[in-house]
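The values are calculated or read from the model by the stated rules, or taken from the named source; none is laboratory data. It should be emphasised that the depicted structure is a prediction, and the values quoted were computed from it without experimental measurement. Cβ coordinates were reconstructed from backbone atoms using ideal geometry, including for glycine residues, and neighbour counts include every protein chain displayed. Quick note on the areas: whole protein, heavy atoms, side chains included, nothing else; ligands and nucleic acids left out. Shrake-Rupley method; radii C 1.70, N 1.55, O 1.52, S 1.80 Å.
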Amino acid sequence: DQVQLNVLGAPTPSVAAPAPVPCGSAAQLSASITGTASSHYWQGGDGTWGDVTALSTTYTPAASEVGTLGLSFCAIGTCGQTACATFNLDVLGTPAVTITPSGSTSICQGSTVTLTASGTAPVAWSSGQQTSSITVGTAGTYTVTATSACGQTDASIDVSVTATPIASIDGPANACLDEAITLTAIGGT
């Protein structure tokens, strides 16, 4: 006689790579299992799980969880063996913001420079504008603030303006014929 024996191997769980999530927001997670599993569950972190026994669930990080979190999805095979897939969830903290000028921040009177803010949250400039770029032509310190549910971050840049020189000539206004005089240019380089 022959008997066909099916040997049940351990299940192989896998997790789709999650997108980074801002603090205070829920991450959408999904997993799959190759092989046969009698049950499965999500684990790890200090935050709140949606349904820990579903293939697709959510995870809301705790307020203290910022950076890269190590979480797991585990499957229990029909023979009791457990296999886990560990994955990283990036939780964004306070927003980042930087200012990039379109050229030199030391400009001549009548010229302008464009300041562009880039980061991970909506921005507001000290001048009141809420666009990513502003064009300025006056001297001063320009500050941009990025704000999210995690807090706010500021970045500043100084713009200096060199006044247009006023040229003048210093020397005698009158001279006699064949008399040598000295004239001096003033007001610039």
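Would you mind stating whether residue 25 is under 18 Å from the mean Cα position of the chain (by Cα) and either modelled with pLDDT under 90 or surrounded by fewer than 16 Cβ atoms within 10 Å (Cβ to Cβ) (or both)? Judged against the criteria, residue 25 is a match. For the stretch 56-74, the criterion of a residue being surrounded by fewer than 18 Cβ atoms within 10 Å (Cβ to Cβ), over 26 Å from the mean Cα position of the chain (by Cα) and not in a strand (DSSP E or B) is satisfied by no position.
Taking the stated definitions as given, is residue 36 open to solvent by 20 Å² or more (accessible area, probe 1.4 Å), within 30 Å of residue 140 (Cβ to Cβ), modelled with pLDDT under 95 and polar (S, T, N, Q)?
Values: open to solvent by 20 Å² or more (accessible area, probe 1.4 Å): yes; within 30 Å of residue 140 (Cβ to Cβ): no; modelled with pLDDT under 95: yes; polar (S, T, N, Q): yes.
Answer is no for this residue.
Restricting attention to the stretch 144-189, which residues are of a type in the set (Asp, Glu), surrounded by 10 or more Cβ atoms within 10 Å (Cβ to Cβ) and over 30 Å from residue 23 (Cα atoms)? Spell out the reasoning first.
In the first step, residues of the stretch 144-189 are kept if they are of a type in the set (Asp, Glu); the result is 154, 158, 170, 178-179.
If we keep only those that are surrounded by 10 or more Cβ atoms within 10 Å (Cβ to Cβ) as well, we get 154, 158, 170.
If the condition is that a residue be of a type in the set (Asp, Glu), surrounded by 10 or more Cβ atoms within 10 Å (Cβ to Cβ) and over 30 Å from residue 23 (Cα atoms), then 158, 170 are the ones that fit.
Taking the stretch 96-175 and the strands (runs of 3 or more DSSP E) fully enclosed by it, the elements with 2 or more residues that are within 27 Å of the chain's Cα centre (by Cα), at negative phi and of a type in the set (A, V, I, L, M, F, W, C) are at 97-101, 113-119, 123-125, 133-136, 140-148, 151-162. All conditions in (1) at pLDDT 95 or above; (2) touching a Cys at 6+ places or on another chain (Cβ under 7 Å) hold for residue 149, with the sole exception of (1).
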